[in-house]
Amino acid sequence: AAAAAGIEMPTLCFHENIAASANCRLCVVEQVLSLNGEGEPTVGAPDRNESVLIPACRALAEPGQVIHTGSTHVRTSRRGSLRLLLGGVDLSDAPELSELLSEYGVTAGTGAHREPFPIYTDNPYYIRDYNKCVMCWRCVDVCGDQVQFTFAIEPAKRGFEVRVGTRE
């Protein structure tokens, strides 16, 4: 709905040919919720409002919703996601992500850093360099139940050790 209205939002994991996974959290928007007199949430009421961050790629637009796409809350969340990304990924081949880092004021040294992964050259058809993987998980989705149904790869490990791996 935002794209149809001409509103641009950053994305990393979104691809038009696979189901939205909401993994990257760069597309978060702020949905305003309010309580009516009976304690039930109502959408868009101006008094006693609260808000929640939701991934725009998975949210359905509904009449009466109040959505903020560039609020302080949204920008802070996006900045945090970008800091985590910068702390563990070589973005030298990703100029569009470098532009996002600049737009959100994220610079090197502003987050945690992981140790570099080794580069695997054991396959004659491709090189696996997990240092350049932005962990969008699109390749996992394609190999899983979205396209190929091979389930040949999946997320491996957790935290700063996370990477795409083979089934064990």
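Here are a few things to note about the model shown:
- Entry remark, region 1-46: residues being modelled with pLDDT of 75 or more and more than 27 Å from Glu96 (Cα to Cα) number 2 in total.
- Some residue of region 73-88 being open to solvent by less than 90 Å² (accessible area, probe 1.4 Å), in contact with a helix residue (DSSP H, G or I) (Cβ under 8 Å, 6 or more places away or on another chain) and among the β-branched types (Val, Ile, Thr): no
- Taking the criterion of being closer than 27 Å to Pro10 by Cα and at pLDDT below 85, the residues of region 47-60 that qualify are Asn49, Glu50.
- Taken residue by residue, region 69-84 has no member that is free of Cβ contacts under 8 Å to residues at least 24 places away in the same chain, in contact with a strand residue (DSSP E or B) (Cβ under 9 Å, 6 or more places away or on another chain) and of a type in the set (D, E, K, R).
- Qualifying positions in region 3-18 - aliphatic (A, V, I, L, M) and farther than 22 Å from Leu85 by Cβ: Ala3, Ala4, Ala5, Ile7
- The sole residue among Tyr104, Tyr130 that is surrounded by 17 or more Cβ atoms within 10 Å (Cβ to Cβ), modelled with pLDDT under 90 and either closer than 30 Å to Leu33 by Cβ or more than 17 Å from the chain's Cα centre (by Cα) (or both) is Tyr130.
The values are calculated or read from the model by the stated rules, or taken from the named source; none is laboratory data. As the structure is a prediction and not an experimental result, all values here were calculated from the model. Positions of Cβ are generated from backbone atoms using ideal geometry, with glycine treated the same way; all protein chains shown enter the neighbour counts. Note: areas computed on protein heavy atoms with side chains; ligands, DNA, RNA excluded. Shrake-Rupley method; radii C 1.70, N 1.55, O 1.52, S 1.80 Å.
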